[in-house]
Every structure is written in structure tokens, then in C-alpha cells.
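Report on one structure; see the data block that follows.
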Amino acid sequence: MSESEIAAVRRGPAPAPVFPSEVVIPLGSVDSFFPQITRVVSTGPNETGLGSPEATIAVIYGNSDSSVKVTISVDEYRSAADASSAWM
């Protein structure tokens, strides 16, 4: 193995690209189900995604002091079989 191949193995697979935030449910829809939710706390990759998604995003919504939170995540897989095997 070359040094660059060894370095790639040490780094592990590249993370999946992050979807734009418009992919996930907007705040107005979330607060219709969870009235105490008033803001988006954070967005970023879905750190809990399984398998090897092609793209991912997690959005955390919360109330004013973040004592209540709702997380919605989306992962896209190459195929239905890849998605299914990630959850098995």
C-alpha cells in the first residue's frame, strides 16, 4: 500500500454531503405539531445516520431556552436496497 492509501484508510470514508436546509420541514410546520418550538437550534450532517448515505442532514429545533428539542433527519441512499440494509 502506498502512503496515500494508508492515510485514506486511517481517515475512513469521506462524510456524505449535507443537504441544503430546505430539504427538511420548515419551522412553521414543526411548530404546528410542537407549539413550544420557536427556533432552529442547529443544522448539519446526520451524525447518527447508518450505512453509507449519499447525502444527509439533521435539523434540531428548540424552544427559547433549548429545554425542549425536536430533531428531524434525512438520509438519501443510492438505492432502496442500500437504505434497507442500513437499517437491518
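Can you tell me how much longer the chain between F33 and S85 gets when fully stretched, taken as 0.36 nm per residue apart minus their C-alpha distance, in nm with one decimal? Kindly include the intermediate steps, with their values, before the conclusion.
Working: separation 52, 0.36 × 52 = 18.72 nm, distance 3.08 nm.
Difference between extended and current length: 15.6 nm.
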5 angstrom amide H check on N63, placed H, neighbours 5+ away | T38, V68
Taking a temperature of 20 °C and a viscosity of 1.002 mPa s, what whole-number D in µm²/s does Stokes-Einstein yield for the range 16-86 with Rh from Kirkwood over alpha carbon pairs?
-> 167
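Each value in this text was obtained by applying a stated rule to the coordinates, not by laboratory testing. Since we're looking at a predicted model, the values are computed, not measured.
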